[in-house]
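These notes concern the structure reproduced below.
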Amino acid sequence: LVVAFLVAYHQNKQLIGEKGLLPCKLYLQNVKKYFKGKINLDALSYAPTIIWFLDWSDMDSILDYLSLFGLATSAFVLVTGCANMVLMAVLWVLYLSLVNVGQIWYSFGWESQLLETGFLGIFLCPLWTLSRLPQHTPPSSIVIWGFRWLIFRIMLGAGLIKIRGDRCWRELTCMDYHYETQPVPNPIAYFMHRSPWWFHQFETLVNHFIELVVPFFLFLGRRMCIVHGLLQILFQVLLIISGNLSFLNWLTIVPSIACFDDVSLGFLFSSKRGGVKERVAQMQLKEAAEEQLPLRYGCYVRKVVNISFGLLIAYLSIPVVVNLLSSRQVMNTSFNPLRIVNTYGAFGSITKERTEVVLQGTSSLDPNDPAAVWEEYDFKCKPGDLKRRPCFITPYHYRLDWLMWFAAFQTYEQNEWVIHLAGKLLAQEEETLSLMATNPFAGRAPPRWIRGEHFKYKFSRPGGKHASEGRWWIRKRIGPYFPPVNLQGLKKFYEDRNWPYPVRD
């Protein structure tokens with residue numbers, strides 16, 4: 001959550017703020033208009049967010065306050081190790097409020113996974129106390145199994161979508177392409193891509209074993225449950241090393257921890273006198289002695305809450321299970337507006353070639369002049385400059401870079417925000433430029449024209465000619481992605497979509 005709120009604070013204004021690429025105020029106004037201009041139960045169900053009840057006159061400040069409050073609260077929980085149901089519920093509501101106005105920028109499966117994990121975390125904690133070892137409120141087995149049910153669905157959903165999806169998963173060839181064509185490769189992926197064919201086949205088999213077989217270990221007793229937890233955590237660590245998949249893999253480790261009991265985790269804690277182990281043992285003895293006494297009112301309430309929670313999870317799991325069993329399985333989908341129980345999956349299909357959209361600007365009066373000099377904008381992490389080393393950013397997440405990856409194998413008509421981005425670069429808006437790694441027109445007059453060029457990218461061969469010249473990538477032009485545009489020519493485009501016209505800072 002700390003990373004998620006940090007990403008939100010750094011990028012929300014540029015993406016969904018007042019002058020964002022897809023302003024959330026406009027989105028909420030359209031939702032309100034669809035429901036006859038009222039903020040009623042239907043509107044709240046369609047987009048559950050506390051922003052409905054706030055003053056929209058300064059949306060940038062609202063987004064900043066929600067992000068900063070969430071960042072401070074989650075950092076407190078992380079640093080102190082103290083949490084209660086109230087704090088966890090606040091964090092869940094804050095992030096839910098951002099996700100539901102984030103539109104495509106928050107359309108990734110790990111956003112729903114974070115919300116489901118956070119919802120489970122509410123019931124893992126005591127109601128009020130902020131003690132690291134709260135008394136009388138041990139985690140319910142219902143909640144523990146809620147986490148186990150989550151990791152079961154995450155892994156099995158990912159495995160089934162692969163087997164039912166791209167044939168390369170069945171032919172054991174997907175890993176021949178994955179490292180090069182994943183959204184944001186890292187330096188390890190550069191070398192892993194050149195592994196021999198038999199190693200890539202072995203990787204694919206291991207992936208199928210981890211995702212399709214290992215999840216059932218959860219139901220085969222304590223030892224196999226622990227083996228499940230170890231294998232899943234090891235698998236996620238390997239994925240973290242070989243790619244920049246945001247905080248997805250870090251987040252997936254969390255429910256895997258529920259596979260371990262106190263005995264198996266005991267080695268992590270000190271055995272010194274007065275240490276955690278001794279205090280837990282004393283608490284357990286005290287709890288055992290009090291079992292002979294009548295249950296307190298609070299214990300009854302807690303039991304009712306836990307049973308109600310279990311029934312809710314079971315009920316919301318019905319469409320999810322139906323989806324898992326369906327030959328038309330969909331991944332990363334929510335069947336309820338609060339995203340409490342969701343479907344998951346990853347890389348159901350693998351792109352065999354990597355294409356990139358490269359944005360270029362020129363100061364030339366005529367964009368069709370053969371003598372025009374076009375200069376390239378680089379993004380924070382996605383491939384662009386052939387000599388720039390792939391980055392290591394996990395668990396951080398550059399949302400624009402990821403959406404540019406999707407845009408590259410679609411058209412600009414399907415991603416109108418790309419043209420919006422071009423307009424903002426023409427105006428040299430500082431906030432938008434903060435999403436970019438380089439501005440070739442820094443300290444100069446803004447470009448007169450921006451265009452999008454489509455390229456095919458491939459890793460250079462380690463030790464080869466291009467690598468010896470310092471190139472991590474080689475590329476070949478496919479053609480134009482969108483034609484040259486200027487700010488004046490985009491005026492009607494902005495007006496038709498009610499987007500604020502870019503103003504030069």
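The values are calculated or read from the model by the stated rules, or taken from the named source; none is laboratory data. Given the structure is predicted, the values throughout are model-derived calculations rather than measurements. Positions of Cβ are generated from backbone atoms using ideal geometry, with glycine treated the same way; all protein chains shown enter the neighbour counts. For accessibility, only protein heavy atoms count, side chains too; no ligands or nucleic acids. Shrake-Rupley method; radii C 1.70, N 1.55, O 1.52, S 1.80 Å.
Structure data summary
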| item | result |
| --- | --- |
| Residue within the stretch 307-326 that is more than 17 Å from W149 (Cα to Cα) and not aromatic (F, W, Y) present | yes |
| Residues satisfying the stated conditions in the stretch 39-51, i.e. assigned to a helix (DSSP H, G or I) and open to solvent by less than 10 Å² (accessible area, probe 1.4 Å) | A43, I51 |
| Failed item in (1) at pLDDT 90 or above; (2) open to solvent by 10 Å² or more (accessible area, probe 1.4 Å), with G146 passing the rest | (2) |
| F199 more than 30 Å from C82 (Cα to Cα), in contact (Cβ under 8 Å) with a residue 40 or more places away in the chain and open to solvent by 60 Å² or more (accessible area, probe 1.4 Å) | no |
| Leading residue by the ranking (nearest to E116 (Cα to Cα)) among those in the stretch 14-38 that are open to solvent by 40 Å² or more (accessible area, probe 1.4 Å) and touching a residue at least 24 places away in the same chain (Cβ under 8 Å) | Y27 |
| Subset of the stretch 422-443 that is in a loop (DSSP other than H, G, I, E, B) and free of Cβ contacts under 8 Å to residues at least 24 places away in the same chain - its residue that is least open to solvent (accessible area, probe 1.4 Å) | A442 |
| Residue among C24, C82 that is at pLDDT 90 or above and out of contact with any Phe, Trp or Tyr (no Cβ under 6 Å at 6 or more places or on another chain) | C24 |
| Exclusive hit being in contact with a Leu (Cβ under 7 Å, 6 or more places away or on another chain), outside the structural domain of P185 (by the TED database) and not in a strand (DSSP E or B), set P446, P462 | P446 |
| Residue in the stretch 125-141 that is open to solvent by less than 40 Å² (accessible area, probe 1.4 Å), β-branched (V, I, T) and modelled with pLDDT under 90 present | yes |
| Selection count, the stretch 166-182, where residues are outside any helix (DSSP H, G or I) and either surrounded by fewer than 21 Cβ atoms within 10 Å (Cβ to Cβ) or of a type in the set (A, V, I, L, M) (or both) | 5 |
